[in-house]
Amino acid sequence: MKKLIPALLCSVLATGAFAQEAAPQQTEPKRDIFRTVEQNPEPAYDLMAYINENMRYPAEAKKAGIEGRLYVTFVINNDGSISDAEVVKGKELGHGLPEEAKRVIMSLPKWKPGKQNGQAVNVYFTIPLAFKLK
């Protein structure tokens, strides 16, 4: 019995050490993304005009008579570029509408970045996009 306890303890310690060695390495440093900032990001152009000029109604949605509103969340990076676009509401409309909404958002020109404590920072931004047949 006395020999069993040290053997068990050694196997538990060895397993713990192995688990620590096998832990995945984080290859990319985590970037902070703010939800609210002292100075909000701003497009340096007419955002709605850009979207209206560049958004194409998907043929599949037209054919099926699908209309609706989607909400797209994206990140305005500290250099003003756009990344990480994701449709957070309205995916269920399908028929190519979520993909088109994401495509248009990812094509946006650079913005004036948001600022926190005087420094340009990454900021989440959400925008509704309406698809309406004429």
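The values are calculated or read from the model by the stated rules, or taken from the named source; none is laboratory data. The model shown is predicted, which means the values in this text are computed figures rather than measured ones. Virtual Cβ from ideal backbone geometry, glycine too; neighbours counted across all protein chains shown. Please note that ligands, DNA and RNA were not included when accessible areas were found on the heavy atoms of the full protein model with its side chains. Shrake-Rupley method; radii C 1.70, N 1.55, O 1.52, S 1.80 Å.
Checked against the criterion of being open to solvent by 20 Å² or more (accessible area, probe 1.4 Å) and more than 19 Å from the chain's Cα centre (by Cα), the stretch 97-106 has no qualifying residue. Taking the criterion of being surrounded by 15 or more Cβ atoms within 10 Å (Cβ to Cβ) and under 29 Å from LYS132 (Cβ atoms), the residues of the stretch 65-85 that qualify are ILE66, GLY68, LEU70, TYR71, VAL72, THR73, PHE74, VAL75, ILE76, ILE82, ALA85. When you look at LEU108, is it closer than 16 Å to GLU60 by Cβ and not basic (Lys, Arg), yes or no? No, not satisfied.
Got a number for residues in the stretch 87-96 being buried (at least 18 other Cβ atoms within 10 Å of the Cβ) and part of a strand (DSSP E or B)? It would help to see each step written out before you state the result.
First, the residues of the stretch 87-96 that are buried (at least 18 other Cβ atoms within 10 Å of the Cβ): 87, 90, 93, 95-96.
Now drop any that are not part of a strand (DSSP E or B), which leaves 87.
The number of residues fulfilling the criteria is 1.
Taking first residues from the stretch 100-113 that are at pLDDT 95 or above and in a helix (DSSP H, G or I) and partners that are of a type in the set (D, E, K, R) and open to solvent by 50 Å² or more (accessible area, probe 1.4 Å), the Cβ contacts under 8 Å between residues at least 6 apart in sequence or on separate chains come to GLU100/ARG56; LYS102/GLU86.
Total residues in the stretch 45-86 satisfying the condition of being small (Gly, Ala, Ser), modelled with pLDDT of 95 or more and assigned to a loop (DSSP other than H, G, I, E, B): the figure is 2. The number of residues in the stretch 123-134 being within 23 Å of ARG35 (Cβ to Cβ) and open to solvent by 20 Å² or more (accessible area, probe 1.4 Å) comes to 4.
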